[in-house]
Structures are given as C-alpha cells and as structure tokens.
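Participant: My questions will all concern the structure given below.
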Amino acid sequence: MSQSEDKTAQTASLTNHDRKPIHIPGSIQPHGVLLALSPQLDILQVSDNTLDYLGRTTQELLGQPLNTLLAQEQVAAIRQCWSKKVDSVTSYKVSIITLNQERYFDCIVHRTEDVVILELEPIHSRDEVSFLSFYTLVNEAIAQMQKTSNLTEFLHLVATELREITAFDRVMVYQFDRNAAGSVVAEAKREDLPPYLGLHYPATDIPAQARDLYTRSLLRFIPNLTAQPVKLVPIENPITHQPLDLSLSVLRSVDSCCIEYHQNMGVAALLVISLIQEQQLWGLISCHHHTPKHISYELRQICEFLGRIVSSELTHKVNQLELDYKVKLKSLQSEFIESISQADNFIDALIKPELRLLDVVSASGAAVCLDNEITLVGATPDIEQVRALIEWADTQVKDNLFSTNSLPQLYPDGIAFKDTVSGLLLLRISQVRRYYILWFRPEVIQTVNWAGNPNEFIHLADDTLTLNPRKSFAKWQETVRLTSLPWKPCELDSAIALRNAIVGIVLSKADELAKINLDLERSNRELASFAYAASHDLKEPLRGIYNYSTILLEDYGLVLDDDGIECLETVVTLSVRMETLINALLRLAQLGKAQLRKRAIDFNELLNQLIDVFRASRQDSQLLDIRIPRPLATVQCDSVLVNEVFSNLIGNAFKYNDKAEQWVEIGYLDPDEQQTKEQTPVPPLFYVRDNGIGIPEHHRETIFRLFKRLHSQEKYGGGVGAGLAIVKKIVELHNGRIWVESTVGIGSTFYFTLE
Ligand code: ADP
C-alpha cells in the first residue's frame, strides 16, 4: 500500500469508527478471565485463557455449573445477581482451587438481560493495600477539593490528587463542548513530559459510541494497550445467538482505534474516569502511563468513587460558576442602565466607557448604529462592512434579536472579517429610527488559550499516523473554523434587558418632552390671551388720553403758555407711540392664537403686488432697486402672513441702509445649493439680501426679540422693534426657521424656510 493510500485507509477507518460496534468485540483483555453464565449459573461462554488462571481448559468448563469452580456460598451470592437491576455491578473476593493450589481473585459480577457476566482478576499480594490507607487518601483528597471554589483550581486539584493515588505519569481532565469536541482543562504530569494543557481535540477523537459507554460505565481500565486480546469461546452466546454484550465488562478488549490513538501519544496504560453532569458526559479524567501498569480493582473502585464525588462537586461548581457569571452580568447591566438613564445624552453614555458596552455580553467588539451614524467600539470590521452587515442581519431579526456563532457560514461576505466577527449578536432597538447595537466575537481559533504550543511536541516523524496531539489539534481547528464561542442564554437575556431599558428611557424622555410641550403650549396660549386682552383694554384709556390732550390743545391752547403746550404735545406724541407699541403687541398676541389659512401661493405674484404697494407708499419709489434674479416658486402658506414677512424684511432692508445706491435681492436656494447634512428632503430656503449697514455678530439673535432695537428712535426712521419678532412668529407658525447672516458695513441676508 502506498503512503497516501495508507493515509486514506486510516482516515476512512477513523470516520467509520463510529459505526464499528465497540461493545461486542468478542474478546477481553488478558489480565483476567470472563465467564458468561445462564440464569441457572451454567457456564455458557468463557475467555480462552482459563487454563492460565484457573488451571482448566475452556472445554472442561463450558456447560458446567458454576459450583465446579466456586464454593457453595460464593455461588449463592452470585445467584442473587438475578434479583438485581440490569447494569448493576457487584464485586466479591473469591478463592478458587486451581491445580491443588488456592488462588484469590476479585470477582466482578453484573447481569445483562439474558446472562450473568462474571469476571475474575487475580489478586497479587503486592497489589494489596489496606482499605484504611485508601480511605485516608480519599478522605484527604475530598477535603482538599471541597475547599476550592474556583472551577479551574478544583479540576487541577482533582488531577493532582488522582495522580498521587494512581501514580500514573499523566492525569488530564478533559471537558467536552457542546459539539463534543474536547479540551484539556487541567493536568498533573511527570515533570519531563510535554504539557497537553489547553489543547483541543475534535469530537472524532472520542467517538459517540465510546462516549456512550463512558456514560454507562464510569471507569475504564487498560493496563497494557499492546496486550493481545483473548477471544471468547464460543464467540456467540448460545442463548441469544448474538455476540456477548460487554458494555459493562471491566475486561472488555480495546478497540483498535483507541489503541492506535494512545500509542501515538506514547501511552501504554490507560485509566479513564467519567465525569457526569446532569446525566450527560461533561468530561473525562484520563490517566496515561508510558509503560504497562496494573492497578487493583479495589484501587479502581476508589478512583470511580472519587470520580462520582468530583461529578457531584462539579455540578455544584459549574452551577456556581454560571450563577457567578449571571450575577456579574446582572450587576454590570444594572450599573450600565442606571448610568445611561441618568445621562443627559444617553447615546454617549452607551458608548463610553467603551468596555462597559462590551462586558454586558462578553464581546470583543461592538457597533452602535443610530440612523446613519455608526460608532465602533473595540475590535470591529470597518464602517461600510458594518453597514452592509446591518442591512443583511436586519432581515434575520426575530423578536428584535439575531445571534449566531458562525456568521461567515450564513453571510459569505463576512469571511472577509471572520477574525473579528465570527459571532454576531444584533439587537434592534427601533426599526423606524434604524437604531441597532451589534456585538462581535472573533473566530474561536483566535481565542484559544495556547498554553502548551501544540507544535512543540511532535514526537512522531512518521507522517502516516493520523492522530497525535498536534494533528488532532489541527483537525479540531478545521472543525471550528468560522465559528466563535457561542452566545449564552444569559448573555442574550442581558442584551434584551438593555434594549428594554433603552426603549424605556427613550419613551420616558419622550413622555417628559410631550408633557413639557403640553405645558408650554398651555402657558403660551394663556400668555397670548392675556397679551391680547391687556393690549386691547389698554387701547381704550390711551385713546382717551390722546383725545383729551388734543381737545386741550385745540380748545385751551390760548390759556396755556408755551411750556404747557409743549408738554401737552409730548403727551400726544407719547400716546401715539404707545398705541403703536400696543398695536404691535396685539398683533403678536393675535398671531399666537392664529389659525393658518394655507393655500398654494405663487410668490412671484405675491411679491409683485407687495412691491407695487410698497412703491406707492413711498416718495422715493423710483430709487427703490428690488431685484428678483430668478422666478420664485409656488408655496403652501398663509398669503396674508407671508406678505407681512416680506414687507417687514424689505422695509428693514431699505430702512437700515445708508448707501447711496441701495438694493434688495429676493430669491431662494434649492436643496442642492444648501449646505445640509440631512438626508431627508429639505424645503426651499428663501432669502432677502440687502447692501445695508449690517448687523454685529452678537446681535444676530437678539434682533428677533420683541421691542429689541439696535438704534435710537431718531436714527434710521423710528420703529418699535416688533417687526422681526412678528416675522419670526409667522415663520415658526409655518414650522419654518429664520436666521440672519451679515457683514457690518456690507449688508445682511435674512434666510427663512416655510414647510
Ligand atoms: P424695527 O421696528 O426697529 O425696525 P425690527 O424688529 O424690524 O424693528 O428690527 C429690530 C432691529 O434689527 C432694528 O432696530 C435694526 O437695528 C435691526 N435690523 C433689522 N433689519 C435690519 C437690516 N436689514 N439691516 C440692519 N439692521 C437691521
């Protein structure tokens, strides 16, 4: 066979491994004898080594009752086995007279549905250790183990204690993951051996069948992997006509793959103890020795007992670990939520400090997407990749959540950034607003703990061997490629809790705002009514003051001296001015209560009429240079009010202008001419531009306040300082905005929108 054929054959044998039944090998290991007995305890099958251990040939034993071998009371004890449950194992110490010599054995008995299986392992005096010393050993080991609370420390202690008890070269604790792949999580070893701690193995290393047997029988012992197996005679059971089921046999011979696998690691003797958590195989304690090594059944029982203790402690410690983690997540979560709910800007609080956002679900990177703005935290793909990922992931979301630990397998574009994102957890906070939080986890290979570099201990030059730690590790890498550590249910819960909190915060902020708005509206309405009533009522006495003053001037002018007349004239002027102020106030108050009468208004027409009226009312009308560079649009608005806006702005443009050649330009900017970051359609932006005196920077907002003037009464032709306040009010009634840009001495441009 060529080398490559040989390789293919071995790979095939590995993949077929799961199919070859390993519980009916038809043979046992040679360090003991097996007898299969009928319910009447007649010998049906024996292993083909009875002559060595019992001094009788198989033919001498087959068909004979058990009492040809054992004394009456021993047979009576074994008969009781039938009253026990299938799978329950009992052991006795028995003595058998072989060739006139008494020999001692550990006799391990269990029953299947049809037969009793009796296995005898000779006891050598040098193997015997008193029960008391074992008890002391175990007791101490258990006491030590119970002291540790940390799982890693605990497992390390388990390995150390077991190595001490068994004196094997290496004791490892394997843990299986959800896909039955294993990793070495604790190890105690002879100092000169290379470490296997941290290594990962593919599920195929311990096939499902073997795992199943490990779950049923908690200890497996192979004192010599190279020992020749001993066949059963006859090979088929005469009652069932089937090969004998050796699932629970302590002597069952070893599957060839298992032998090859361990020999490749230089192992000659093997002891494996199962660790069970909630009826599932959680892991194994695997003891390796590099030369054949026998340990007594009694010592193995102690090991099995320790294994059971470890299993029960494990359940407790794993649960504790999970609980600790859940508690940690919960406290991180509540701290996080509290800080974002108190922050002025909760979005900032979400992102800073960065680690907090990652810790709530134990991620290595995150992205927060608010509308089109994406903020990245930790290890992430670039913004455009994240944007495309959101587009795709949004279609996968169910109940506001989507999570996967193998993103590149679902989303092929993700292969480009598998190193940072093989695991994705996406939380949709609002679909309408496109609010998302994404968390990322790297490919699992990137997160492996490289304790014990697998490349450092390739002992085997022969490349045809399929399994050794290094190759097994490489195989494991292949199987976990494009995969991250899975998202735990408690981490998904943590994400959902965060979403609920954010939604709650946003809603309560919106509630708060709505309430404030409502209050504001009410007080605005009240204020408008008050201003309206007050200014209306003030007008009447004012009119009286004016009337009586003019009557005094006209009818009693002759009685008064010049000073008196001057005083009365001032009263008249002031009352006129006051009336102007009151009218302005009244106008503003009216606007507060106004209902808009919106219609489609052609601004060209509106302005033409307005300019005509404007020119008619002024003596210097020929000098008025009003420019409209391009036709204006038709806009939905209240024409009377918008007329007032333009007439105020145009009036001011000429009023606050000291140039010899004055001009006003009226126009608009299209959306593409406007410098705006917004993606939503924007309304046209109108402007009224002049070459007037300009407005200093610090007054550009104050000029819109009621009665705010920048100049004395006399300068620039009077005015009460209400025009721009009224303009602003009208623009806002149309949901628009108004502002001014200006250069002192050059001119001003008033911009406004109407929605
Ligand atoms: P007024 O009745 O005083 O004109 P407004 O509310 O219309 O009141 O204007 C407020 C102040 O803003 C004015 O007093 C003036 O100082 C300033 N102002 C308004 N428009 C212009 C302009 N086009 N150029 C320079 N200053 C202006």
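The values are calculated or read from the model by the stated rules, or taken from the named source; none is laboratory data. Note that the coordinates shown come from a computational prediction; the quantities given were computed from them, not determined experimentally. In this analysis, Cβ positions are derived from the backbone assuming ideal geometry, glycine residues included, and neighbour counts consider all displayed protein chains.
Participant: Scan the stretch 251-265 for residues that are touching a helix residue (DSSP H, G or I) at 6+ places or on another chain (Cβ under 9 Å), buried (at least 16 other Cβ atoms within 10 Å of the Cβ) and of a type in the set (S, T, N, Q) and jot them down.
Facilitator: Correct list: Asn264 only.
Let's see how each residue does on (1) of a type in the set (D, E, K, R); (2) in contact with a strand residue (DSSP E or B) (Cβ under 6 Å, 6 or more places away or on another chain):
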| residue | (1), (2) |
| --- | --- |
| Tyr135 | no, no |
| Glu140 | yes, no |
| Met145 | no, no |
| Leu157 | no, no |
| Thr160 | no, yes |
| Ile165 | no, no |
| Val173 | no, yes |
| Arg190 | yes, no |
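Participant: Grab the helices (runs of 4 or more DSSP H) fully contained in the stretch 301-402, keeping just those with 1 or more residues being in contact with a Ser or Thr (Cβ under 6 Å, 6 or more places away or on another chain).
Facilitator: On the way: elements: 346-351, 354-359, 383-394.
Qualifying helices (runs of 4 or more DSSP H): 346-351.
Participant: List pairs: first residue in the stretch 643-654 and under 13 Å from Ile626 (Cα atoms), second residue more than 7 Å from the ligand (Cβ to nearest atom) and part of a helix (DSSP H, G or I) anywhere in the structure, Cβ distance under 6 angstrom, at least six positions apart or on different chains.
Facilitator: Final answer for the pair search is Phe646/Leu610; Ser647/Leu610.
Participant: Being at pLDDT below 90 and within 11 Å of the ligand (Cβ to nearest atom): is that true of Lys655 here?
Facilitator: No; evaluated as a whole, the condition is false for this residue.
Participant: When Ile695 is evaluated against the numbered criteria (1) touching a helix residue (DSSP H, G or I) at 6+ places or on another chain (Cβ under 6 Å); (2) among the β-branched types (Val, Ile, Thr); (3) within 8 Å of the ligand (Cβ to nearest atom), which criterion, by number, is the only one it fails?
Facilitator: Here Ile695 clears every test but (1).
Participant: Ok, one more. Ile502 is checked against (1) at pLDDT 85 or above; (2) in the same structural domain as Leu427 (by TED's automatic domain parsing); (3) not basic (Lys, Arg) and fails just one. What number does that condition carry?
Facilitator: Condition not satisfied by Ile502: (1).
Participant: Now a separate question. In this structure, is Glu322 under 27 Å from the mean Cα position of the chain (by Cα) and on the phi < 0 side of the Ramachandran plot? Give the steps one after another, and end with the answer.
Facilitator: Working: under 27 Å from the mean Cα position of the chain (by Cα): yes; on the phi < 0 side of the Ramachandran plot: yes.
When the stated conditions are applied, Glu322 passes them.
Participant: Which condition number does Cys81 fail, the rest of (1) crowded, with 17+ Cβ neighbours inside 10 Å; (2) at pLDDT 90 or above being met?
Facilitator: For Cys81, the exception is condition (2).
Participant: Moving on. From the list Leu596, Leu607, which one is in contact with a strand residue (DSSP E or B) (Cβ under 9 Å, 6 or more places away or on another chain) and modelled with pLDDT of 90 or more?
Facilitator: Values: Leu596 fails: modelled with pLDDT of 90 or more.
Only one candidate qualifies: Leu607.
Participant: Here's another thing I want to ask about it. Could you tell me whether any residue of the stretch 64-77 is surrounded by fewer than 11 Cβ atoms within 10 Å (Cβ to Cβ) and either under 26 Å from Thr215 (Cα atoms) or of a type in the set (Gly, Ala, Ser) (or both)?
Facilitator: No, because not a single residue in the stretch 64-77 is surrounded by fewer than 11 Cβ atoms within 10 Å (Cβ to Cβ) and either under 26 Å from Thr215 (Cα atoms) or of a type in the set (Gly, Ala, Ser) (or both).
Participant: A further question on this structure: Go through the residues of the stretch 632-644 one by one and say whether even a single one is modelled with pLDDT of 90 or more and within 13 Å of the ligand (Cβ to nearest atom).
Facilitator: yes
Participant: Of the residues that make up the stretch 434-442, is at least one crowded, with 22+ Cβ neighbours inside 10 Å, hydroxyl-bearing (Ser, Thr, Tyr), outside the structural domain of Glu187 (by TED's automatic domain parsing) and at pLDDT below 95?
Facilitator: There is at least one residue in the stretch 434-442 that is crowded, with 22+ Cβ neighbours inside 10 Å, hydroxyl-bearing (Ser, Thr, Tyr), outside the structural domain of Glu187 (by TED's automatic domain parsing) and at pLDDT below 95.
Participant: Restricting attention to strands (runs of 3 or more DSSP E) lying wholly within the stretch 86-197, give those where 3 or more residues are closer than 30 Å to Tyr53 by Cβ and at pLDDT 80 or above. Please lay out each step first, then the result.
Facilitator: On the way: elements: 89-98, 101-111, 116-122, 170-176, 182-189.
Once the strands (runs of 3 or more DSSP E) in the stretch 86-197 are filtered for at least 3 residues that are closer than 30 Å to Tyr53 by Cβ and at pLDDT 80 or above, what remains is 89-98, 101-111, 116-122.
Participant: Does the stretch 232-250 hold any residues that are among the charged types (D, E, K, R) and crowded, with 16+ Cβ neighbours inside 10 Å, and which are they?
Facilitator: Asp245 - this is the single residue of the stretch 232-250 that is among the charged types (D, E, K, R) and crowded, with 16+ Cβ neighbours inside 10 Å.
Participant: Checking Val688 against (1) near the ligand (Cβ under 9 Å from one of its atoms); (2) outside any helix (DSSP H, G or I); (3) closer than 21 Å to Asn524 by Cβ; (4) within 57 Å of the chain's Cα centre (by Cα), which single condition isn't satisfied?
Facilitator: (3)
Participant: Kindly indicate whether any position in the stretch 706-729 is more than 7 Å from the ligand (Cβ to nearest atom) and touching a strand residue (DSSP E or B) at 6+ places or on another chain (Cβ under 6 Å).
Facilitator: Yes, that holds for at least one residue.
Participant: Could you check the stretch 476-526 and list, in sequence order, the residues that are part of a helix (DSSP H, G or I), closer than 22 Å to Val361 by Cα and basic (Lys, Arg)?
Facilitator: Arg499
Participant: Looking at the stretch 598-622 only, could you name the residues that are assigned to a strand (DSSP E or B) and under 15 Å from Glu644 (Cβ atoms)?
Facilitator: Initially, the stretch 598-622 is screened for residues assigned to a strand (DSSP E or B), giving 599-602.
Residue satisfying the conditions is Ile601 alone.
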